[in-house]
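Some notes on the structure that comes next.
Values in this text are rule-based calculations from the coordinates and carry no lab data. Since we're looking at a predicted model, the values are computed, not measured. We place every Cβ from the backbone using ideal geometry, glycine too, and count neighbours over all the protein chains shown.
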Amino acid sequence: MNEPNKEYLELVKKKMPKSHHLKTMFRAFWVGGLICCIGQGFNDLYTHFLGSKMPEEDISTLVTLTLITITVCLTGLGIYDKIGAYAGAGSIVPITGFANSVASPAIEHKREGVVLGLCSNMFSVAGPVIVFGITSSIVVGIIVLIFKGAFV
Amino acid sequence: MIVDYLKVFLVGGIICLIGQVLINTTKMTSARILVGFLLTGVLLETVGVYKYIREWGQAGATVPIMGFGSNLAKGAIKGTIENGLLGAITGGIEAVAGGIAGVIFISFIVGLISSSKTK
């Protein structure tokens, strides 16, 4: 194994321009903010047309589904990867990043077959998210069960 | 109206900016970022802070993966209060069932249709 030279790494760190951080942070900020605004736009649209028939939570699920559908289609067309290269965390942290993390490996590994390529690679990134999500929600449920009085 | 969208932009943007700072300083992979934000969302919802962020930032708080985590916790709390232990187990995933089912279904269909590009 070739361990990278410590002095070399420090040199790289020094040479890396500071503005790099600021630039990526700014990009993440405005793209992430914009994605959330798009979500808010759909939310307002659905509330306007369906608000009388649907509870708020169902509308929020519809917004999530809309954003997921758009993202997966953009991933299929190869556009979301370009957004990701520009925006960094701005495209990872919103729910669209989660959708992209399901669709992107699925498409990439499709040539290894539908079952072993497409389906099993769907969860290479999303798997941990779902495992941690479900586990933590059950832990929360059990905590609530024990200290029920505090949450009612 | 415009003020509302500014708030959404600000809250969503700041959450993503924190993610970018984490990537820049710790070189975390996207899976770790997603898990980290998800668990933060679960925690903030459980202690009751997230609902204030959601009230102020609306979609700025629900669209990031933290909102997904807060939905999980919200569902688990609601389920437990209504159905006891069974609700504790099913409540969380019930609340996000739409999102997970949707993302699996659509990714599968799009995966079947689109051709894999060599990278």
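In the stretch B:3-18, the residue that is surrounded by the most Cβ atoms within 10 Å (Cβ to Cβ) out of those that are more than 7 Å from every other protein chain (Cβ to nearest Cβ) and farther than 12 Å from B:Ala61 by Cα is B:Ile18.
Number of residues in the stretch A:120-129 that are at the interface with chain B (Cβ under 7 Å from one of its Cβ atoms) and surrounded by fewer than 19 Cβ atoms within 10 Å (Cβ to Cβ) equals 1. Only one entry of B:Ile65, B:Ile53 meets the criterion of being crowded, with 17+ Cβ neighbours inside 10 Å, under 13 Å from the mean Cα position of the chain (by Cα) and more than 12 Å from A:Val140 (Cβ to Cβ), and that entry is B:Ile65.
Name the single residue, out of those in the stretch B:19-29 being in a helix (DSSP H, G or I) and either among the polar types (S, T, N, Q) or surrounded by fewer than 19 Cβ atoms within 10 Å (Cβ to Cβ) (or both), that is nearest to the other protein chains (Cβ to nearest Cβ).
Going residue by residue through the stretch B:19-29, those that are in a helix (DSSP H, G or I) are B:19-26.
Filter again for either among the polar types (S, T, N, Q) or surrounded by fewer than 19 Cβ atoms within 10 Å (Cβ to Cβ) (or both), leaving B:20-22, B:24-26.
On the way: B:Gln20: 4, B:Val21: 6, B:Leu22: 7, B:Asn24: 5, B:Thr25: 8, B:Thr26: 12 Å.
If we take residues in the stretch B:19-29 being in a helix (DSSP H, G or I) and either among the polar types (S, T, N, Q) or surrounded by fewer than 19 Cβ atoms within 10 Å (Cβ to Cβ) (or both), then B:Gln20 is nearest to the other protein chains (Cβ to nearest Cβ).
Taken as a whole, the structure leaves A:Lys148 outside the set of residues that are in contact with a Ser or Thr (Cβ under 6 Å, 6 or more places away or on another chain), charged (D, E, K, R) and within 8 Å of chain B (Cβ to nearest Cβ). Answer yes or no: is there a residue in the stretch B:43-55 that is more than 8 Å from every other protein chain (Cβ to nearest Cβ), under 29 Å from A:Asn121 (Cβ atoms) and assigned to a helix (DSSP H, G or I). Taking every residue of the stretch B:43-55 in turn, none turns out to be more than 8 Å from every other protein chain (Cβ to nearest Cβ), under 29 Å from A:Asn121 (Cβ atoms) and assigned to a helix (DSSP H, G or I).
As for the stretch A:102-115, it holds at least one residue that is more than 10 Å from chain B (Cβ to nearest Cβ) and either free of Cβ contacts under 8 Å to residues at least 24 places away in the same chain or over 22 Å from B:Val11 (Cβ atoms) (or both). Restricting the first member to the stretch B:58-69 and to residues that are farther than 15 Å from B:Val96 by Cα, and the second to residues that are charged (D, E, K, R), the beta-carbon pairs closer than 8 Å and six or more apart or on different chains are B:Gln58/B:Asp4; B:Gln58/B:Lys7; B:Gly60/B:Lys7; B:Ala61/B:Arg54. Highlighted here are the helices (runs of 4 or more DSSP H) found entirely within the stretch A:1-119 that include at least 2 residues which are crowded, with 24+ Cβ neighbours inside 10 Å: A:19-50, A:56-76, A:89-92, A:95-108.
For the stretch B:76-89, a residue qualifies if it is buried (at least 19 other Cβ atoms within 10 Å of the Cβ) and either of a type in the set (S, T, N, Q) or within 26 Å of B:Asp4 (Cβ to Cβ) (or both), and exactly one does: B:Thr80. Remark: B:Ser107 falls outside the filter, which requires a residue to be touching a Gly at 6+ places or on another chain (Cβ under 6 Å), buried (at least 18 other Cβ atoms within 10 Å of the Cβ) and in a helix (DSSP H, G or I). Can you tell me which condition B:Val35 does not meet? The list is (1) buried (at least 23 other Cβ atoms within 10 Å of the Cβ); (2) within 20 Å of A:Thr71 (Cβ to Cβ), and all the others hold. With respect to (1) buried (at least 23 other Cβ atoms within 10 Å of the Cβ); (2) within 20 Å of A:Thr71 (Cβ to Cβ), B:Val35 is out only on (1).
Taking the criterion of being part of a helix (DSSP H, G or I), among the polar types (S, T, N, Q) and facing chain A (nearest Cβ under 7 Å), the residues of the stretch B:56-104 that qualify are B:Thr62, B:Thr80.
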